[in-house]
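Asker: Dropping a structure here in structure tokens format, bear with me for questions.
The values are calculated or read from the model by the stated rules, or taken from the named source; none is laboratory data. Note that this is a predicted model, so its numbers are computed, not measured. All Cβ positions, glycine included, derive from the backbone under ideal geometry; neighbour counts span all protein chains shown. Quick note on the areas: whole protein, heavy atoms, side chains included, nothing else; ligands and nucleic acids left out. Shrake-Rupley method; radii C 1.70, N 1.55, O 1.52, S 1.80 Å.
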Number of protein chains: 2
Amino acid sequence: MATDNNAPIRFPNLPPKGPDGDLLLAAERAKATFDVKELSKIMYTEEYLHKMDKVLDVLENDPAFDKSDRYHYSRPEKMAASLWKDKRLIELTKEHNWDQQDVDIANFLYDMSTPFTLHYQMFIPTLKNQTTDEQKKLFLEPALKHHIIGCYAQTELGHGSNVQGLETTATYINETNEFEIHSPSLTASKWWIGGLGRAANHAIVMARLILNGKDFGPHPFCVQIRSLEDHTPLPGVTVGDLGPKFGFNSVDNGFIMFDKYRVPHVSFLAKYSQVKVGSGEYVKPPNAKLSYGTMVWVRANIVLSVRMAIARAATVAVRYSAVRKQFVDAANPRKWDNAVIETPVLDYTMQQYRLLPAIASAYACYFTGRDMMRLYELNQSEMAKGNFGLLADLHASSSGLKSLTTTMAASTIEDMRRACGGHGYSMFSGLGMFYQDYLPNVTWEGDNYILTQQTARYLLKTYRNVVAGKAVASEYNFTINYLTQYLENPNAKCPATTGTDLLNPELILAAFGFRAAYGIAKTAELIDNKGQSWNSMLVEINRISRAHCQYMLVRTFIVSLQNDERLAKPENRNLLQVLRSLASLFALYTIEQELGEFVTSGYLNSDQAAMLKQQVIALLEEIRPNSVALVDAFALPDYYLNSALGRYDGKVYQEYTRQAENEPLNKKLVVDGYDQFIKPLVHDGLKNGAGAQAAKL
Amino acid sequence: MATDNNAPIRFPNLPPKGPDGDLLLAAERAKATFDVKELSKIMYTEEYLHKMDKVLDVLENDPAFDKSDRYHYSRPEKMAASLWKDKRLIELTKEHNWDQQDVDIANFLYDMSTPFTLHYQMFIPTLKNQTTDEQKKLFLEPALKHHIIGCYAQTELGHGSNVQGLETTATYINETNEFEIHSPSLTASKWWIGGLGRAANHAIVMARLILNGKDFGPHPFCVQIRSLEDHTPLPGVTVGDLGPKFGFNSVDNGFIMFDKYRVPHVSFLAKYSQVKVGSGEYVKPPNAKLSYGTMVWVRANIVLSVRMAIARAATVAVRYSAVRKQFVDAANPRKWDNAVIETPVLDYTMQQYRLLPAIASAYACYFTGRDMMRLYELNQSEMAKGNFGLLADLHASSSGLKSLTTTMAASTIEDMRRACGGHGYSMFSGLGMFYQDYLPNVTWEGDNYILTQQTARYLLKTYRNVVAGKAVASEYNFTINYLTQYLENPNAKCPATTGTDLLNPELILAAFGFRAAYGIAKTAELIDNKGQSWNSMLVEINRISRAHCQYMLVRTFIVSLQNDERLAKPENRNLLQVLRSLASLFALYTIEQELGEFVTSGYLNSDQAAMLKQQVIALLEEIRPNSVALVDAFALPDYYLNSALGRYDGKVYQEYTRQAENEPLNKKLVVDGYDQFIKPLVHDGLKNGAGAQAAKL
């Protein structure tokens, strides 16, 4: 028999068993009690959704933005695809006259960081914020035109969180008016720098400023590292890609070491501090308190992006769980066209217990992120008036919220992947690479464990102030409020006597406030009165930050629903009701996860704990009919999800098998290596008759 | 300047800052209070350790077993390397006359599943257990000689956990004495089958046996699927690789669909049930209760392998945490040669709280796995005497323990990866691919959520028996014991009044027993007396299985230390003390994680909860000096760990940078794609002068 070894493998044209996914999802959507489009508009605005449609249409028809081979790429293929996308996006932006939001949407939809990502996210913003006019002309203008490509080199092999411990030096040479950048040890190598490994020709380098023998600590320099003629590394520079990572392999995270590398005086970014030419005298920067405001903005954006991450994972898992059927639930058999079918896994309480709190947490992060944006604006205008009263609380909460919510997101993505059962393990689920790429969020922009120390320091300080009567309650400072309430009655008990009592927003907030205050008070007691060291208390410190930030999430979710004008409209009554149920679920599920703290504080008793568990199950049942509608409202297009399991149309098995057909290994009927590694074994059998015997069967 | 674009990138020959890793680890090892080698011998036996050295020496010197490019491989490269390894292992086994244990060690050390893995793990064992003598000659003998290569095809696209729902049919054709294997729908496609995608020429196929129009449910068939001559798929078969996965990409997990594919009567594996030739009459199998014993053996091995997985992750994280320094702890500055150095992260309580319970859980799994093996043997000999009294408890516990411990392992691996900070994200950490490859353990051999239902069913049944006075307490059935104790005093309280009281083994076991019994009793109450459906109770069902299995883990750990003869020797006194502390830590840390359940049951009060937290911190401090010694005792060679961060010698930064040098992207000074995607942008700037200005700096 003559065989074509290049014949592609194709599945027979058969339907899946039972009602197909599109019918199952249509049935789910018919159950929704609210207007999905209205909720999307509230979250994104109609204008944004239009923009997304417009950009999506361009990307889906541009080969540089094609995602169909993404899960098959090797590392070099990922790099090549990324550079192609980077160049093409610049062209598309011009062709379509896109504004910054359009470009942001394109990057969001493409959903893969690239070598130029840090050029936009760190290099250009740093040049905008930290340069003189001369430096803007020299560095920022060419950067905006992509005449130079940059990155941001801070972290070193030996130093991440401890920025003050960075080793790279920049020594001013008074005689020549130059800086000499130098890496004194192996651990001084810059490390993790996105875009540096292969693409960038410039870098912002954080180096210890040494003037006349004195060390002024890390300062930023803008340094050329590769030739603009032929892209080869400049002499004195050792630069490269740092190798494969758990995810993010489309980015050339790199290392760089400097061997007494000379750069001109103008390389020192001099907007704030300055170095006087010739004398090397240091001119101090003005007070930088205002920059804390920016950090709040960055972290508000992180919380909003957590909402997207959880929404994405939940969209895939919820839709798939409505299509995936397994076992017949004998006590409550599901019927379709009068015949018993296997039960969609979304009908199992355990599955609801995994999926619906995830949906709720996505909405919690949406409302909290939105409110942080509002507070950021408010704080900026207050600071402009010289009022710094909001800043400390906002900054502390934003640190802890970054930590709490990104940890939540990482764990939720993985939970949703597992909730897809075995098929969640296929890259075609769209959750595997997503998880891999998401994970750095728990480490960067402040390690999630270390960040909680900042929050806890503020909480403990505020507690001491409240105890000393020095803290002034304010409309915006809820920390002071809940601490004050706790101190007024440290033996308070939760008044709930029925499960539905637990749905009362005031009661929920009181419980979260009491639990946070209790932890803060006990920790302060141990440190201040029992002589416990900060180090020995790090576990509790982490807990009080989490307790405070869970209070913030729950509070903002509840209060936003009370105050939102659009949700108050009569036509949105059903929608408001669904969101209220989600807020209750988020709150009660969170209490259940942290039950130990709520009960040991003496606030909740065992009977209330049992009622709470039942109430969570009741909320699952109530929200269940709207599950698919609630993820549809996130309005995440199939192109973005890139998931065979989470498609809007529910044609899961058809898409999954189609993608399997495209596996490059399937392009040949016989695997490479057969002649060398399999044939000798099998043909030995044929020669000796034994295998032949089986073959004849 | 002429540039060689193929010049490799090399780091300058500089040391890392501060005391090097080898010195730091030597200092850690000097602090150990017990004999590391003795502990290794107790865990593995001296003979096993010798075998490991012997096999390791062969593998480290064989190019087919080289791991240095593993983290760089593309999917096709992984497949090629795997097939090479498969063939080479067969040769090495002959060359060195290795026995099965040697081969197992080789596979363990190589640490990457391959296309032949399922040939050994499922195809051959199935042929051994389920065939007639004729079939052994026909299939097993050639399989043992690798004249045929097989796989095990059970799971389908639409059916995993629900085996009874499999769709593939095998219809007996009375006239021709053949079976016709057929896939009636798309979801009937066999899916996930390791070795099937590209390598196997035979498969065990689970298909519904249809005899004279009657469906007898899934039965096993041994079926040829590819030509032994040229490896092309046989007519009637559509087979291929199912594409990229989150991990396990060295294995060709495949799909197969059959189009009225005829196989001879002998393909039906007929050790147990039979099909009469011509008439198609079904002959029932004998009672298969004995096969439950095998399942216990399989799961005991899973628990032992969980020990290895956690041990491996902890080894990397603990060693790295002794080398990695960050910040100076001002309250307690670490000194080296009289100078203050940054503090090794292992000295931070939060880091200890992440790492040391992981070490403790590895030892817990070791003792539990070992004891399950003992009980397996005991049960086998009891069953041979006709006594089935141990079976139900052992089977139920083993189901829940598989679920609990593999979930623990997956989450611990990820915790340890994150505990390595940013560098944990590099594949060179050795934890990323490990996590990816480990994850299927939470789904296969019984989905971890579904398995807990089996355990809970047994627990609820036992509870009802105890209540009805029908359960007989036994030396081996601890479930009956703790349930009986609970029913005797359902209002019992923990008697601890000081933190050290909480170290008392009896007190710990009573607490775990009470908490498990309380959950079982409340669940039984809701189902039996309040009419709650099984589905509505799935969350609690999962909880009681976990509670029971945590009791088992804690109990076995504690009791094993009390009974072990070698540990009772005077020279092992220090070792025993360290293990006791680990057992206490495991128990108290577990209570702390599940505090809500211990407190709501009324058994522990708030003061005890606070004492418990303090006691956990005290245990961390006590165990801290032995951290490195405790992971060294796992005796995991560097070749196995394949981790730059977890090396025995502590030369972390040297190895990490050496591996980065080997990144294939670094083999060229200028990245592929430069000419197409970067040069046009930058040269545009050079032409227009702006970039040139920056270039001259």
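Asker: Right, residue A:508: open to solvent by 30 Å² or more (accessible area, probe 1.4 Å), of a type in the set (Val, Ile, Thr) and in contact with a helix residue (DSSP H, G or I) (Cβ under 7 Å, 6 or more places away or on another chain) or not?
Answerer: No, not satisfied.
Asker: Tell me, please, whether a residue that is under 25 Å from residue B:351 (Cβ atoms) and within 13 Å of chain B (Cβ to nearest Cβ) can be found in the stretch A:511-520.
Answerer: Let us first name the residues in the stretch A:511-520 that are under 25 Å from residue B:351 (Cβ atoms), namely A:516, A:519-520.
When the remaining residues are screened for being within 13 Å of chain B (Cβ to nearest Cβ), the result is A:519.
Yes, some residue in the stretch A:511-520 is under 25 Å from residue B:351 (Cβ atoms) and within 13 Å of chain B (Cβ to nearest Cβ).
Asker: Go through (1) within 9 Å of chain A (Cβ to nearest Cβ); (2) farther than 30 Å from residue A:75 by Cβ; (3) modelled with pLDDT of 95 or more one by one and return the number of the condition residue B:628 breaks.
Answerer: In the conditions (1) within 9 Å of chain A (Cβ to nearest Cβ); (2) farther than 30 Å from residue A:75 by Cβ; (3) modelled with pLDDT of 95 or more, residue B:628 misses (1) alone.
Asker: Could you list, in sequence order, the residues of the stretch B:155-183 that are open to solvent by 30 Å² or more (accessible area, probe 1.4 Å), in a loop (DSSP other than H, G, I, E, B) and in contact (Cβ under 8 Å) with a residue 60 or more places away in the chain?
Answerer: Matches in the stretch B:155-183: B:161, B:174, B:176, B:177.
Asker: Is it true that residue B:382 is assigned by TED's automatic domain parsing to the domain that holds residue B:618, over 16 Å from residue B:299 (Cβ atoms) and open to solvent by 20 Å² or more (accessible area, probe 1.4 Å)?
Answerer: yes
Asker: Tell me, yes or no, whether the stretch B:661-668 has at least one residue that is hydrophobic (A, V, I, L, M, F, W, C), more than 30 Å from residue B:49 (Cβ to Cβ) and in contact with a strand residue (DSSP E or B) (Cβ under 9 Å, 6 or more places away or on another chain).
Answerer: Yes; the residues of the stretch B:661-668 include at least one that is hydrophobic (A, V, I, L, M, F, W, C), more than 30 Å from residue B:49 (Cβ to Cβ) and in contact with a strand residue (DSSP E or B) (Cβ under 9 Å, 6 or more places away or on another chain).
Asker: For the stretch B:625-647, give me the residue count where each residue is under 19 Å from residue B:309 (Cβ atoms) and open to solvent by less than 40 Å² (accessible area, probe 1.4 Å).
Answerer: Looking only at that region, the number is 16.
Asker: Given the criteria open to solvent by 30 Å² or more (accessible area, probe 1.4 Å) and at pLDDT below 95, does residue A:282 qualify?
Answerer: no
Asker: Name every residue in the stretch A:214-241 that is touching a Phe, Trp or Tyr at 6+ places or on another chain (Cβ under 9 Å), closer than 23 Å to residue B:673 by Cα and open to solvent by 10 Å² or more (accessible area, probe 1.4 Å), in order of residue number.
Answerer: Correct list: A:230, A:234, A:235, A:237, A:238.
The rows are residues; the columns are (1) within 12 Å of chain B (Cβ to nearest Cβ); (2) over 30 Å from residue A:591 (Cα atoms); (3) in contact with a Phe, Trp or Tyr (Cβ under 9 Å, 6 or more places away or on another chain).
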position: A:619; (1), (2), (3): no, no, yes
position: A:632; (1), (2), (3): no, no, yes
position: A:642; (1), (2), (3): no, yes, yes
position: A:653; (1), (2), (3): yes, yes, no
position: A:658; (1), (2), (3): yes, yes, yes
position: A:665; (1), (2), (3): yes, yes, no
position: A:670; (1), (2), (3): yes, yes, no
position: A:674; (1), (2), (3): yes, yes, no
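Asker: Look through the stretch A:565-624, keep the residues that are within 30 Å of residue A:490 (Cβ to Cβ) and out of contact with any helix residue (DSSP H, G or I) (no Cβ under 8 Å at 6 or more places or on another chain), and return whichever of them is least open to solvent (accessible area, probe 1.4 Å).
Answerer: In this case the residue turns out to be A:614.
Asker: Taking the options B:555, B:566, B:580, B:546, name whichever one is within 14 Å of another protein chain (Cβ to nearest Cβ) and basic (Lys, Arg).
Answerer: None of the other options fit; the residue is B:546.
Asker: Also, I was wondering about something else. Could you go through the stretch B:98-106 and let me know if any residue there is buried (at least 17 other Cβ atoms within 10 Å of the Cβ), in contact with a helix residue (DSSP H, G or I) (Cβ under 6 Å, 6 or more places away or on another chain) and within 12 Å of chain A (Cβ to nearest Cβ).
Answerer: Within the stretch B:98-106, not a single residue is buried (at least 17 other Cβ atoms within 10 Å of the Cβ), in contact with a helix residue (DSSP H, G or I) (Cβ under 6 Å, 6 or more places away or on another chain) and within 12 Å of chain A (Cβ to nearest Cβ).
Asker: Output the number of residues of the stretch B:136-146 satisfying the condition of being within 17 Å of residue B:225 (Cβ to Cβ) and either open to solvent by 20 Å² or more (accessible area, probe 1.4 Å) or in contact (Cβ under 8 Å) with a residue 24 or more places away in the chain (or both). Explain how you work it out, then say what you get.
Answerer: Going residue by residue through the stretch B:136-146, those that are within 17 Å of residue B:225 (Cβ to Cβ) are B:138-139, B:142-143, B:146.
Within this subset, residues satisfying the condition of being either open to solvent by 20 Å² or more (accessible area, probe 1.4 Å) or in contact (Cβ under 8 Å) with a residue 24 or more places away in the chain (or both) are B:138-139, B:143, B:146.
The number of residues fulfilling the criteria is 4.
Asker: Could I ask something else about it? Quick check: is even one residue across the stretch A:442-450 hydroxyl-bearing (Ser, Thr, Tyr), more than 14 Å from chain B (Cβ to nearest Cβ) and open to solvent by 50 Å² or more (accessible area, probe 1.4 Å)?
Answerer: no
Asker: Would you pick out the residues in the stretch A:107-123 that are surrounded by fewer than 19 Cβ atoms within 10 Å (Cβ to Cβ) and part of a loop (DSSP other than H, G, I, E, B)?
Answerer: Result: A:111, single match.
Asker: With respect to residue B:137, determine if the residue is over 26 Å from residue A:424 (Cα atoms) and either β-branched (Val, Ile, Thr) or at the interface with another protein chain (Cβ under 9 Å from one of its Cβ atoms) (or both). Even if it seems obvious, please write down each step before you answer.
Answerer: Numbers: over 26 Å from residue A:424 (Cα atoms): yes; either β-branched (Val, Ile, Thr) or at the interface with another protein chain (Cβ under 9 Å from one of its Cβ atoms) (or both): yes.
So residue B:137 fits the description; yes.
Asker: I would also like to ask the following. Could you tell me which numbered condition residue A:531 fails, if it satisfies all but one of (1) modelled with pLDDT under 95; (2) within 26 Å of residue B:538 (Cα to Cα)?
Answerer: (2)
Asker: Oh, and also: Go through the stretch B:14-33 residue by residue and tally those that are modelled with pLDDT of 95 or more and open to solvent by 20 Å² or more (accessible area, probe 1.4 Å).
Answerer: Residues meeting the conditions: 13.
Asker: Do we find that residue A:428 is crowded, with 22+ Cβ neighbours inside 10 Å, within 20 Å of residue A:556 (Cβ to Cβ) and in contact with a helix residue (DSSP H, G or I) (Cβ under 8 Å, 6 or more places away or on another chain) in this structure? Steps first, please.
Answerer: Working: crowded, with 22+ Cβ neighbours inside 10 Å: yes; within 20 Å of residue A:556 (Cβ to Cβ): no; in contact with a helix residue (DSSP H, G or I) (Cβ under 8 Å, 6 or more places away or on another chain): yes.
No; evaluated as a whole, the condition is false for this residue.
Asker: Follow-up question, since we're still on this one. Check A:189, A:250 and return the single one that is among the polar types (S, T, N, Q) and more than 9 Å from chain B (Cβ to nearest Cβ).
Answerer: Answer to the check: A:250.
Asker: Which ones in the stretch B:63-89 are more than 20 Å from residue B:432 (Cα to Cα) and open to solvent by 20 Å² or more (accessible area, probe 1.4 Å)?
Answerer: Correct list: B:63, B:80, B:84, B:87, B:88.
Asker: Exactly one condition in (1) in contact (Cβ under 8 Å) with a residue 12 or more places away in the chain; (2) open to solvent by 30 Å² or more (accessible area, probe 1.4 Å); (3) within 14 Å of chain B (Cβ to nearest Cβ) is false for residue A:38; which is it?
Answerer: (3)
Asker: Further question: Looking at the structure I just gave you, is residue B:45 surrounded by fewer than 20 Cβ atoms within 10 Å (Cβ to Cβ) and more than 25 Å from the chain's Cα centre (by Cα)?
Answerer: Spelling it out, it is not the case that residue B:45 is surrounded by fewer than 20 Cβ atoms within 10 Å (Cβ to Cβ) and more than 25 Å from the chain's Cα centre (by Cα).
Asker: Assuming residue B:126 fulfils every condition listed in (1) within 14 Å of another protein chain (Cβ to nearest Cβ); (2) part of a helix (DSSP H, G or I); (3) β-branched (Val, Ile, Thr) apart from one, which condition is it?
Answerer: (1)
Asker: Is there any pair with a first residue in the stretch B:245-261 that is over 29 Å from residue B:112 (Cβ atoms) and a second that is part of a loop (DSSP other than H, G, I, E, B) and open to solvent by 10 Å² or more (accessible area, probe 1.4 Å) whose Cβ atoms are under 8 Å apart and which are 6 or more apart or on different chains, and what are they?
Answerer: B:258/B:236; B:259/A:12; B:259/B:236; B:260/B:236; B:261/B:234; B:261/B:236
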